[in-house]
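Structure first, commentary second.
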Amino acid sequence: MKTQIQSGRTDGSKSGLVQAKGYAQRRANIAGIVGCAHFDRPVDHSWSPDPLVHYSLNGPSWSLSDELFFYALFPWLLKWREPVLRAVFIAGMVLIVAGSCFTALTVAGYSPWVDWIFYVLPLTRLFEFIAGILLCRA
């Protein structure tokens, strides 16, 4: 009954929030945090699917890792013509929406893997950067 009160479910399963707390408690130890700290120096920690790596030490700094990736690609993306950029943007957005719908139907509750793919991973966020290039050219 205690699990039902915490999770708000009647089937006895734990909610995503309870699962996330359990995951963080299992992984939170000093050795793990110190071991993940080296990712913050080169700002490449958003490439790791482990939440204790991409949210390590300074949680919002994963976005700096994404931006560094985008700015490294910027000179190359700038050379692409507008129809090619538009096609890549549309294809990327279709893949993201399809993946989100599939994930919503198959994954119950919080998943660190889904959080990383759809929120932190630079490749998923790249289409937002391409949208910015297209808006600038409009």
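If each residue of separation counts as 0.36 nm, what is the full-extension length gain between E82 and W113 once their alpha-carbon separation is subtracted?
Length gained, E82 through W113: 7.9 nm.
Please list, by residue number, everything in segment 50-70 whose backbone N is under 13 Å from a paramagnetic label point 7 Å out along Cα→Cβ of C136.
70
Which order, highest average first, do 94-104, 119-129 follow once you tally other Cβ atoms within 10 Å for each residue and take the mean per peptide?
Packing order, densest peptide first, comes out as 119-129, 94-104.
With every protein chain present, what is the per residue accessible area of segment 82-138 (1.4 Å probe, Å²)?
60 Å²
From the C-alpha coordinates alone, can you work out the Kirkwood hydrodynamic radius of segment 42-137, in Å?
It works out to 14.4 Å.
The values are calculated or read from the model by the stated rules, or taken from the named source; none is laboratory data. Bear in mind the structure is a predicted one, so any value in this text is a computation, not a measurement. Cβ: placed from backbone, ideal geometry, glycine included. Neighbour counts: every protein chain shown. With ligands, DNA and RNA removed, areas are computed over all heavy atoms of the protein, side chains included. Shrake-Rupley method; radii C 1.70, N 1.55, O 1.52, S 1.80 Å.
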